[in-house]
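The values are calculated or read from the model by the stated rules, or taken from the named source; none is laboratory data. Everything quoted here is computed from the prediction, not taken from an experiment. Here the Cβ positions follow ideal geometry from the backbone for every residue, glycine too, while neighbour counts run over all protein chains shown. Accessible surface is based on the protein model in full, side chains and every heavy atom, while ligands, DNA and RNA are left aside. Shrake-Rupley method; radii C 1.70, N 1.55, O 1.52, S 1.80 Å.
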Amino acid sequence: MAGGGCVTLRGAQIRDLLDSKHDVLFDCDGVIWNGETAVTGAPEVVSLLKQRGKRVFFVTNNCTRPRENYVQKFSRLGFADVAEEEIFSSAYCSAAYLRDVARLQGKVYVIGCGGVMRELRDAGVPVAEEEDAEPGASIYTCPLDPDVKAVLVGYDENFTFMKLAKACCYLRSPECLFLATDPDPWHPLTGGRVTPGSGSLTAALETASSRKATVIGKPSRFMFECISSQFGLDPARSLMIGDRLETDVLFGSNCGLTTVLTLTGVSTLQEALAYRDSQEPQQKHCAPDYVMESVADFLQALEE
């Protein structure tokens, strides 16, 4: 849908919307939980949707943990019976892309964290091992793996100049794929602090290599295609619920889904209205069809 109307969902509208949909896609951070705290009512909403015969999926740009660890987090926060196959992270989808779409013949050099590494290994995608740097080592002297045929950038708290330099060298070859798990520029932390996201690291490498990365996570369509290839989703009967306009809502818009912005995370109603009223067509795609304070607003309609 090109540019939603930012309609505030209430009462009968919520019931009608849910009745018209078969599949519900949730972002995680800022939508159903914040850090280690579930959003009030979110576990009940997920359970009730499933009891009503809806299929529920979780699509997250957070690449820091493998799907197995997400299952543990869902359980820890009180979400009952969330299965690994319902979870689609940017780490899992990046591994699926390299295996099934790119059909990588060679190794991938990773700027990323344990979640990305685990999903790549589980998918059977060979990873170039990062050697411990010798004292005084530099890009002039460090070894480069001749089998590297792709570079993948994700969230990396141990990002270094040497990793950036190595990735640059690999990307000198036009045959080397350049992928990013997601474009998120930053993530909110407690106490008003933020941490740089995958998008900021990708931007550094794009500048240094004069190349543009193929983004796997939201707002790219690939995450929806990844789910649909396994579960056969109909976009017209699917709902995307997220807290970030430039990723979650734009993802839903790009994939032809009805979009809902929840105000328990990053984006505000004022930002949504600004996108809706923008004269730039591309910005209008970031405006949600509907807005709700919290996913808990679904509870009354589901409990009737």
Could you calculate the contour length gain from Leu269 to Ala12, that is, 0.36 nm times the residue separation minus the distance between their Cα atoms, to one decimal place in nm? 90.4 nm
Modelled FRET efficiency - R0 35 Å, Lys54 with Ala203, Cβ distances, 0.05 increments: 0.40
Residue-ordered couplings for the range 298-304, obtained by feeding phi - 60° into the Karplus form 6.51 cos²θ - 1.76 cosθ + 1.60 and rounding to whole Hz (Gly and Pro as x), are 6, 4, 4, 5, 7, 7, 6
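Under unit Cβ charges (Lys, Arg +1; Asp, Glu -1), what dipole magnitude, rounded to 20 debye, does the chain have relative to its Cα centre?
Dipole about the Cα centre, nearest 20: 440 debye.
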Keeping the other protein chains in place, figure out the carbon and sulfur percent of the accessible area of the chain, with a 1.4 Å probe. 50
Short version: ³J(HN,Hα) in whole Hz for each residue of the range 75-87, in order, from phi by Karplus 6.51 cos²θ - 1.76 cosθ + 1.60 (θ = phi - 60°), x for Gly and Pro, what are they? 4, 4, 8, x, 8, 8, 6, 8, 8, 4, 6, 8, 9
Counting only DSSP loop positions in the range 132-166, the chymotrypsin sites (Phe, Trp or Tyr not before Pro) whose Cβ has at most 15 other Cβ atoms within 10 Å are Tyr140
Here the FRET efficiency for Arg121 versus Arg237, based on Cβ atoms and R0 = 35 Å and rounded to 0.05, is 0.50
Per residue accessible area of the range 10-99, 1.4 Å probe, in Å²: 38
Accessible area per residue, Å², the range 127-239 with all protein chains present, probe 1.4 Å: 54
Burial-style ranking of 287-298, 14-25, average other-beta-carbon count within 10 Å with highest first, yields 287-298, 14-25
Starting with the highest mean, order 142-150, 185-193 by the number of other Cβ atoms within 10 Å, averaged over the residues of each peptide. 142-150, 185-193
